[in-house]
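Working notes, beginning with the structure itself.
The values are calculated or read from the model by the stated rules, or taken from the named source; none is laboratory data. These numbers come from a predicted model, not from an experiment. Every residue, glycine among them, receives a Cβ derived from its backbone with ideal geometry; neighbour counts consider all protein chains shown.
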Amino acid sequence: MKNFSKAMMVCLVLIVILPMQSFGQAKPVKKEADIKKFEIAAKAAKVKLEKAEKSVSIADSLMETGKTQISESKTEIKDLDKEIKITTKELATARKPVEKQVNSKDRTESADAKVELKKIDTEYKVKLKELDTKLKAAQKKGVTGEANVTKGKMGTKTAATGLKTAQAAYDAAQEKLDNAKGEGEPAPIGKKKKK
């Protein structure tokens, strides 16, 4: 019987001690699980933050590209306007002596002058048409630049809001992770940190 009571006593001690020992180990396992969960949340928040930063960068780039296009367009339009004026003056200068010959009393000279006048007009029409095409392309470039600036401004507003949200989420996730690891100071209960 004594052996039986000793065996009972050993079983009783084991029943009481083992759960206490496993209870003591449960805290570190739970803490490790919490740390892992907070690490995953921090990584996800960091990815969102990087994505928001990239969106801001893209919007800024779009605005800069638009400004460059507008600047180039203005320069090209100015140069083409000068070139059109010069070409128009050249046309008037080239036509003047030939027009005098058209009004000549000599029929052959007048007929030759008319042919020459048509040739001059055709040549200058081609030049002016080329310049007009270049002018329209420069104007279109300016319109595209203005559209890019507008898109960039709208994108910047949206991206800046997203960046603030992502930054706040990342900071919160990092703070939770630091607190779980025991590296950060616990925040006071009921009050949020001001930034």
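When Lys151, Lys157, Lys100, Lys127 are checked against the criterion of being of a type outside the set (A, V, I, L, M, F, W, C), within 30 Å of Ser71 (Cα to Cα) and modelled with pLDDT under 90, Lys157 stands alone in meeting it.
Per-residue answers, yes or no, for (1) β-branched (Val, Ile, Thr); (2) part of a helix (DSSP H, G or I); (3) over 32 Å from the mean Cα position of the chain (by Cα):
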position	(1), (2), (3)
Thr68	yes, yes, no
Lys78	no, yes, no
Thr93	yes, yes, yes
Leu117	no, yes, yes
Asp121	no, yes, yes
Lys127	no, yes, yes
Thr133	yes, yes, no
Glu175	no, yes, no
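Here are Val47, Val29: which of them is within 30 Å of Asp171 (Cβ to Cβ), among the β-branched types (Val, Ile, Thr), out of contact with any Phe, Trp or Tyr (no Cβ under 8 Å at 6 or more places or on another chain) and modelled with pLDDT of 70 or more? Answer to the check: Val47.
Scanning region 98-115 for residues that are part of a helix (DSSP H, G or I) and over 60 Å from the mean Cα position of the chain (by Cα) returns Lys100, Gln101, Val102, Arg107, Thr108, Glu109, Ser110, Ala111, Asp112, Ala113. Note on region 116-174: residues that are under 30 Å from Pro97 (Cβ atoms) and polar (S, T, N, Q) total 2. Could we say that Lys134 is in contact with an Asp or Glu (Cβ under 8 Å, 6 or more places away or on another chain), at pLDDT 90 or above and charged (D, E, K, R) here? Considered against the rule, which asks whether it is in contact with an Asp or Glu (Cβ under 8 Å, 6 or more places away or on another chain), at pLDDT 90 or above and charged (D, E, K, R), Lys134 comes out as yes.
Flag: Ser73 matches the condition of being surrounded by 13 or more Cβ atoms within 10 Å (Cβ to Cβ), touching a helix residue (DSSP H, G or I) at 6+ places or on another chain (Cβ under 9 Å) and either β-branched (Val, Ile, Thr) or modelled with pLDDT of 90 or more (or both).
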